[in-house]
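Visitor: One structure is given below, represented as structure tokens, and several questions about it will come after.
We did not get these values from a lab; they are worked out from the coordinates using the rules stated. Since this is a predicted model, take the numbers as computed values, not measurements. Note: ideal-geometry Cβ built from the backbone for every residue, glycine included; neighbour counts use all protein chains shown.
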Amino acid sequence: MSRAAHLLPATALLLPTPALAHIKWFQPYEVAEPPVAIAETLALPAFWIGLALVVGFFAAAILVERTAAGQRALDAMDATLHPLKDRADGFLLWVLTAFFVSLFAIGGTYLTPELRTEAEWVPWIHLVLALLLAFRRTRPLAAVGLVGVWLLTLREYDLFHLFDYLALGLGVAGYLLLAGFAEGRWHSRRFAVLRWGIAISLMWSSMEKFMYPQWFTPLLEERPYLAFGLPFDAYTTMAGVAEFTLGFGLLWTPLVRRLSATALFALMFAAVYPFGRVDLIGHAIILAALLIGVLDPERSRAGSLALVHGMASGAPRGAARLTLGVPAGLAVALAAVMLAYTGAHYGIYATNSPLFAWARHDYEDDARAQPPPAGFWRGQEHYHGEGPGPRTGVEVPPQPAAGAGGADAAPRRP
């Protein structure tokens, strides 16, 4: 691969990007809290610096991709990874099976570490899902079951909270549904559906770093090396930019999406050492799907936004449109996700509308008082403060201020 093609993942790794651990797995949070205004995020220099860096390197990668050297680099990647590409389905299905079996063995959660439950039948659903993956004809049933578990989780958790897992769940369910079809048009789109699910999920989850930067302060105080010496507010903002833009990159041209998948996999896998098995198990599906993105089994198929922008073979006009499409596409995607995030939060919580009463839960009398989910899985290593830990729902009790790193002690935007 050419030197320019290597720059994108290398630059992404040099950006002040965290290991992308899910903050709700390790720290107290309160999803009903009003988010930081979009205008405050747009006023931050770190936000625009991060965007400028990404736009520049995405554009460079697209220009390289349109050259003969770029096509040779993609062909060399295909040739090298060909044995793995042929086994992409088997690999992903084994990871999914191991994931559901792990959830069954641990028990007490819906699909992810933070969604705690006392219902003893929930782990058995995970085991059934694992068994349904064994046969092609039963995989569509696993897809329906996965969506069903997400819907069941609404009985105990707020809708806005569960939006964190909606796109990923639909992406995996879509993959399983299409994987159950016979070879043909729909079956061939299974990896594209999965990739879109991951991309949208990452873009949505990145909003936490813009809208709730105070959630990340306790983790950074505990592990300051994650910030690479930068101020915590600037670090959190640029981390959000990196997560959003790399997620967006999964929807662009073949080289950009492969490099984005490589960078995201490296960043998420780097979280395994400092955060342990809770991060490895919780992110297992995304890590496996990102490896599929590196393999890119659909490269020769019409599966990316690049085709929408006119990726005709070797046409300079198409290259210019693709390059100019990077800032335009990012602007549209950012606006859409930011407005959707804040709009959904406002509609569910700020209006206090009876229409969304079912989407809110009163945790005042919830008997499930507990430490953060990582403590549940790993002996409460990450709980800051004394006394009973916060519930994993909306309400979060105050934390000690002096050095405890509690959520309430963390400042909002300076």
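Visitor: Would you tally the net charge around LEU220, using a Cβ to Cβ cut-off of less than 13 Å, leaving LEU220 out, and scoring K and R as +1, D and E as -1? If you can, show how the numbers build up before the last one.
Guide: Numbers: positive: LYS209, ARG223; negative: GLU221, GLU222, ASP233.
Here the charged neighbours net out to -1.
Visitor: Could you give the length gained by full extension between ALA335 and ASN352, i.e. 0.36 nm per residue of separation minus their alpha carbon distance, to one decimal place? Kindly include the intermediate steps, with their values, before the conclusion.
Guide: Details: separation 17, 0.36 × 17 = 6.12 nm, distance 2.46 nm.
Separation in residues times 0.36 nm, less the Cα-Cα distance, equals 3.7 nm.
Visitor: Amide H of THR109: which non-local residues (sequence gap of 5 or more, or other chain) have their own amide H closer than 5 Å, using H built in the peptide plane?
Guide: Amide H to amide H, under 5 Å and 5 or more residues apart or across chains, THR109 pairs with THR117.
Visitor: Relative contact order for region 141-223: what is it in percent, counting Cα pairs under 8 Å that are at least 6 residues apart?
Guide: On the way: 63 pairs, mean separation 23.3, N = 83.
It comes to 28 percent, rounded to a whole number.
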